[in-house]
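S.K.: Take this structure, written in structure tokens, and hold onto it; I'll ask about it next.
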Amino acid sequence: MSESTDTIAAIATPPGRGGVGIIRLSGPKAARIGEAIIGKLPKPRYATLADFCSAAGEMIDHGLALYFPAPNSFTGEDVIELQAHGGPVVLDMILKASLGLGARMARPGEFSERAFHNDKLDLAQAEAIADLIDSNSETAARAALRSLDGEFSNTINQLLEKLIHLRMYVESAIDFPEEEIDFLSDGKVEQLLNQIHQATQAVFHSAKQGSILCEGITLVIAGKPNAGKSSLMNRLAKREAAIVTNIPGTTRDVLREAINLDGIPLHLVDTAGLRESDDIVEQQGIERARKEIEHADIILHLIDCTAENSDDNSLVDLPENIPCIDVYNKIDIVQPKNIGNPNSILVSAKTGDGLLELQKKIKTIIGINDNNEGLFSARRRHLNALERTLSHIETGRQWLNQKAGELLAEELKIAQDCLSEITGEFTSDDLLGEIFSSFCVGK
Ligand SMILES: Nc1nc2c(ncn2[C@@H]2O[C@H](COP(=O)(O)OP(=O)(O)O)[C@@H](O)[C@H]2O)c(=O)[nH]1
Ligand SMILES: [Mg+2]
């Protein structure tokens with residue numbers, strides 16, 4: 001029996017006890033198995049009160065049964081949903097009865113995978129379901145719903161349409177070599193190519209915002225010992241996560257806290273103070289701090305206003321390509337002198353002064369506006385595909401400058417394939433397997 005004609009079954013509700021627990025079945029035998037468990041197939045799409053029995057005919061529970069005949073179901077196949085009492089033993093018994101009647105256990109994400117193969121949703125929409133389930137804030141949930149409703153996919157499809165149109169145009173020119181050169185020089189191809197490049201960049205920007213909502217931003221707090229890094233971390237996390245003392249070199253290991261800034265997940269990282277040290281443990285801590293700093297999305301460079309040599313940051317040496325906010329701390333004691341960087345914020349980790357400004361600054365750097373209007377969820381995978389699309393469009397532009405029509409057409413073809421990976425039109429089975437296996441069972 002081929003995989004796709006198997007009938008799959010899973011407990012779709014989370015493990016544990018609850019008022020209701022749901023068993024889902026999908027595939028060609030779903031209706032027959034459902035009928036065997038409840039005695040009679042329910043009227044399609046009507047909730048029907050039924051007794052649930054084992055394969056041997058023993059009563060297990062009673063509850064509601066629903067029948068969605070193909071193709072009008074989530075998976076596009078015959079689907080049966082049995083809503084029983086939500087106890088693990090009851091649900092296990094019903095699942096066992098289904099398996100005894102010819103279903104097999106569903107793999108994680110297999111219902112969504114079938115929905116994808118039956119064109120019920122595209123890959124970006126299927127991923128949005130998982131993102132909606134995993135969302136940690138209302139903002140993230142709303143963005144995931146927009147992607148599930150196809151907002152992201154529509155944007156990608158519009159872009160694809162433009163790209164395909166241009167490709168056709170270029171390829172038709174190649175077919176008439178005598179005219180090719182004139183054709184490539186008349187400015188129209190260049191104009192279309194530039195439009196597509198801009199549109200792709202705009203989609204990349206929106207997708208980046210969406211991916212931040214799903215995956216968050218890593219903020220690394222760095223600076224000299226005793227600047228108040230751990231105090232700031234505790235303030236932001238609203239708990240005493242890190243040990244704070246007036247002894248320089250207190251924090252030796254990397255500490256992490258996950259917080260939520262108006263719907264944006266922030267991964268806070270507190271690090272050992274950067275200085276020369278003879279202590280082996282502290283040296284290793286500093287090495288770890290440097291590694292964390294390199295992987296930061298944003299660095300909070302903490303500066304102690306009360307320290308005598310607060311402007312000497314020669315040992316701090318932060319990477320220049322990562323956005324950095326200079327945070328002058330301890331303003332409850334003294335106001336800082338000589339603030340050079342316009343990206344500076346004055347705070348007191350002790351009193352909480354300036355924290356709102358700091359949070360506002362972080363949001364400005366992330367580039368997410370307050371209302372999060374129109375954001376859709378996206379993943380790193382999508383950003384990567386968009387980046388590759390952009391790079392092939394750019395290479396295509398170079399070939400256009402050299403009037404190399406065939407090479408331009410080839411780059412446009414690859415750009416189209418990269419873009420199609422997002423909705424799954426052009427995606428390897430391995431990648432599909434990887435994506436769906438990260439979903440939950442029963443989805
Ligand atoms: N007055 C004042 N003291 C602070 C402030 N932030 C931290 N401290 C003190 O500075 C010392 C070092 O703080 P800590 O958070 O351990 O600094 P770290 O080494 O950078 O992690 C501790 O004694 C803190 O109580 C602040 O905003 N105002
Ligand atoms: Mg510390």
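The values are calculated or read from the model by the stated rules, or taken from the named source; none is laboratory data. Computed from a predicted structure; not experimentally measured. Backbone-built Cβ (ideal geometry, glycine too); neighbour counts: all protein chains shown. All accessible areas refer to the heavy atoms of the entire protein, side chains included, with ligands and DNA or RNA removed. Shrake-Rupley method; radii C 1.70, N 1.55, O 1.52, S 1.80 Å.
S.K.: Between the helical axis of 88-100 and the dominant principal axis of the chain, each derived from Cα atoms, what acute angle in degrees is found, rounded to the nearest 10?
M.R.: The two axes meet at around 50 degrees.
S.K.: Oh, and also: For each pair in Lys363/Lys443; Lys224/Lys361; Lys96/Lys443; Lys208/Lys238, compute the distance between the two Cα atoms and list the pairs where it is over 24 Å.
M.R.: Lys363/Lys443; Lys208/Lys238
S.K.: Continuing with the same structure: Using 0.36 nm times the number of residues separating Cys440 and Ala199, minus their current alpha carbon distance, what extension gain do you get?
M.R.: Values: separation 241, 0.36 × 241 = 86.76 nm, distance 3.42 nm.
Computed gain between Cys440 and Ala199 is 83.3 nm.
S.K.: On a 0 to 90° scale, report how tilted helix 188-215 is relative to the longest principal axis of the chain, with both axes built from alpha carbons and the result rounded to the nearest 10.
M.R.: Between the helix axis and the principal axis of the chain, the angle is about 90 degrees.
S.K.: Rolling a 1.4 angstrom probe over the protein heavy atoms, how many square angstrom per residue are accessible across the stretch 216-366?
M.R.: Value for the stretch 216-366: 52 Å² per residue.
S.K.: If you take the square roots of the eigenvalues of the alpha-carbon gyration tensor of the chain and sort them as a ≥ b ≥ c, do you get rounded (a/c under 1.5), prolate (a/b over b/c) or oblate? Before the final figure, lay out each step's value.
M.R.: On the way: a/c = 2.89, a/b = 1.28, b/c = 2.25.
Oblate.
S.K.: What GluC sites (Glu not before Pro) does the stretch 17-116 have in DSSP loop regions with at most 11 other beta carbons within 10 Å?
M.R.: Glu58
S.K.: Sticking with this structure for a sec: What's the carbon and sulfur percent of the stretch 139-195's accessible surface, probe 1.4 angstrom, rounded to a whole number?
M.R.: That fraction is 50 percent.
S.K.: In the stretch 221-362, what percent of the accessible surface is made up of carbon and sulfur (1.4 Å probe, ligands and nucleic acids excluded)? If you can, show how the numbers build up before the last one.
M.R.: Values: 3580 of 7540 Å².
It is 47 percent, rounded to a whole number.
S.K.: Can I ask one more? Ignoring ligands, DNA and RNA, please state the percent of accessible area on the stretch 3-120 from carbon and sulfur, probe 1.4 Å.
M.R.: Ligands and nucleic acids excluded, carbon and sulfur give 58 percent.
S.K.: Taking only protein heavy atoms into account and a 1.4 Å probe, give the accessible area per residue of the stretch 3-120 in Å².
M.R.: 48 Å²
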